[in-house]
Ligand SMILES: Cc1cc2nc3c(=O)[nH]c(=O)nc-3n(C[C@H](O)[C@H](O)[C@H](O)COP(=O)(O)OP(=O)(O)OC[C@H]3O[C@@H](n4cnc5c(N)ncnc54)[C@H](O)[C@@H]3O)c2cc1C
C-alpha cells in the first residue's frame, strides 16, 4: 500500500508460498535469480496443512496423498528428506448404498452387476475420450467444442442409464473435483483424467493418487522448501495491488512493497482476480478467471484410541450415498495409534454442511461413521475438520474447474503471460493438474519462462 513500511526489491516477485510459489522460488534461486515470495498467511503450504493431534502425531487437513506417477512431488520430498509410507488399505471396504451397508474388496463395490457393467463401460469410454485431449491445449482437441458445450452431468445422464451407475459416477466426480457433475464441463473432466493418466489413477488408492502418505505430514515438504529459501519468503504479506509501471512491477502487500523486474503469481485464478491490477488485466484473462470456480470440501477426521475397525477385518475405507460424507479412509498415523477415520464432505454436501454449525457437522460425520463402522465409531476422543471454502486465502479446493466453454473460449489465457506477469499454480499444470505434483511443475515452468525472459 502507499505508505508501506518496508520496500524491498528483487529480480522476481512471487505471490503465494504454496507448492507452486515455493518451487518457482527454488528453481529461480538455483539459476542465480534473486526472488522474494510474498505469502498472505502466517505459514507456507497453502492448500496443504499439517495438524498436530498430540504425542507427535500429525494429520493433514489439506492435501496429503501422493501417487507413484507423481514424480515431481516424490522428487521434491526426497530432496527435502521426507519419506513416504503406503496408505492403509488392508481389510474389507464398506459401502452404504440405498440404506444398507455391505463389505467389498478393491476399488469397485460389489453391487448389482448390471450397474457395475454400466460404470465399467462409462469408465472405458471416458478414458478413450480423455486420451484425445492434448494436455497443453485442450481447446485444440478435435471434438473440443462438442465436449465443452455440455456438462459432465449431461454426458453421464446419457451414458449411464441406471440410477445406481449414475450414483457411483457422481460419488467419483465429487471425490475427485469437490463439485457436482452438473457444474463442470465434459472437456474439463476429460482433460483432468488425461492429466492424471486415466480414471483409475485418480480414484485408486494402491497405485493411484491415494497410494502413499508423507512421514511427518505433507506440509513438512513445504516447510523445508521454505527453510531452504530463508528470508526470501515473507509471511503475513497479503498482496493487494500489482502495477506494471512500464519499467517493472510494483507490488503492494500489507505493510510491505516490492519492486521487481517480473512477477510470478502462484495462486489460483479465483484468488488472482481478487488482486487490484494496474493496468486492468486483458478482458480474456479476467473473464477466464470468472469461469473457473474452486470446488467445495470439508475434510473431517474423527480420532479414536485405536483403529478398532482393523481388528474387525475392515480397511477403514468406505463409500456412502447417504448425501453427506461421501468417501472415507483410514488416516491413522504410521505407527498405528491413535485410530483416525477421515471423511470428505464434498460438492453439494460441503455447500450444505459447510453452513451448519461445527457441532451439527461433527454429529453428522460421526453418525455416518457409526452407520458404516459400528457403534464404537460414535464415540471419538477428538474431532478435527477444515472447511476450505471458508478459507480466505483458498476460497475452496481441491482446485478450480472450468464449466462449459471455459477451455474452448478462454483456455489459452490460463498460462499466457501478461507483459511481465507469469502464472503458476496447480490450475495451470498440464500433468497432475489439481494436485501438489501439478503445483510443483507449474512453478518450475513459470520459473523457466521468467528465466528465459530476463
Ligand atoms: C482438503 C484438500 C485435500 C487435498 N488432497 C490432495 C491430495 O491428497 N494430494 C494432492 O496432491 N493434492 C491434494 N489437494 C490439492 C493440493 O493441496 C493443491 O493442488 C496444491 O496444494 C495447490 O498448490 P498451489 O501452490 O498451486 O496453490 P496454494 O496451495 O493455494 O498456494 C497459494 C498460496 O498463495 C497464498 N495467497 C493467495 N492469495 C494471496 C495474495 N493475494 N497474496 C499473497 N499470498 C496469497 C495462499 O495463502 C497460498 O499459500 C488437496 C487440497 C485440499 C484443500
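What percent antiparallel are the DSSP beta bridges of the stretch 1-109, to the nearest 5?
Expressed as a percentage, antiparallel bridges in the stretch 1-109 total about 70.
Just rank 200, 136, 183, fewest to most, by other beta-carbon atoms within 10 angstrom.
Final ranking by Cβ density, sparse to dense: 136, 200, 183.
For the stretch 162-203 and the stretch 251-299, compute the distance between their C-alpha centroids and round to whole Å.
Rounded to whole Å, the Cα centres lie 27 Å apart.
Taking the Cα-to-Cβ direction at residue 321 and at residue 448 and moving 7 Å from each Cα, how far apart do the two end points lie in nm?
That separation, rounded to one decimal, is 4.5 nm.
Kirkwood hydrodynamic radius, computed over distinct alpha-carbon pairs, for the stretch 354-406: how many Å, to one decimal?
By the Kirkwood definition, the hydrodynamic radius is 13.5 Å.
Based only on Cα atoms, what Rg/Rh ratio does the stretch 250-359 have, Rh being taken as Kirkwood's radius?
Reported Rg/Rh, Kirkwood definition of Rh: 1.18.
What FRET efficiency comes out for the pair residue 124/residue 247, r = Cβ-Cβ distance, R0 = 60 Å, nearest 0.05?
0.60
In whole Å, what three semi-axes, largest first, describe the equivalent ellipsoid of the chain built from its Cα gyration tensor (square root of 5 times each eigenvalue)?
37, 26, 18
By counting other Cβ atoms within 10 Å of each Cβ, how are 147, 407 ranked from fewest to most?
147, 407
Just from its helices, what would the mean residue ellipticity at 222 nm be for the chain, if runs of 4 or more DSSP H residues each count -39500 (n - 2.57) and the sum is divided by every residue, rounded to the nearest 500 deg cm²/dmol?
The helix-only estimate for the chain comes to -9500 deg cm²/dmol at 222 nm.
Between the stretch 371-398 and the stretch 317-346, how many Å separate their Cα centres?
9 Å
How many percent of the alpha carbon pairs in the stretch 90-134 exceed a separation of 17 Å?
For the stretch 90-134, the fraction of Cα-Cα distances above 17 Å is 47 percent.
Report, to two decimal places, the Cα Rg of the stretch 19-110 normalised by 2.2 N^0.38 Å (N = number of residues).
Taking N as the residue count of the stretch 19-110, the ratio is 1.55.
Kindly work out what percent of the DSSP beta bridges joining two residues of the chain are antiparallel, to the nearest 5.
Roughly 65 percent of the DSSP beta bridges within the chain come out antiparallel.
Please express the shape of the stretch 115-226 as an equivalent ellipsoid: the semi-axes are the square roots of 5 times the eigenvalues of the C-alpha gyration tensor, given largest first in whole angstrom.
They are 27, 18, 12 Å, listed from largest to smallest.
Set the Förster distance to 45 Å, then compute FRET efficiency between residue 117 and residue 240 from the Cβ-Cβ distance, nearest 0.05.
Taking R0 as 45 Å, the efficiency between residue 117 and residue 240 is 0.25.
When the convex hull of the C-alpha atoms of the stretch 299-400 is computed, what volume per residue in Å³ does it have?
In the stretch 299-400, the Cα convex hull volume per residue is 107 Å³.
Calculate the FRET efficiency for residue 355 and residue 136 from the Cβ-Cβ distance with a Förster distance of 25 Å, rounded to the nearest 0.05.
0.05
Where a number appears in this text, it was derived from the coordinates with a stated rule and is not lab data. None of the values given here were measured: they were computed from a predicted structure. With ideal geometry, Cβ positions are generated from the backbone for all residues, glycine too; neighbour counts draw on all protein chains shown.
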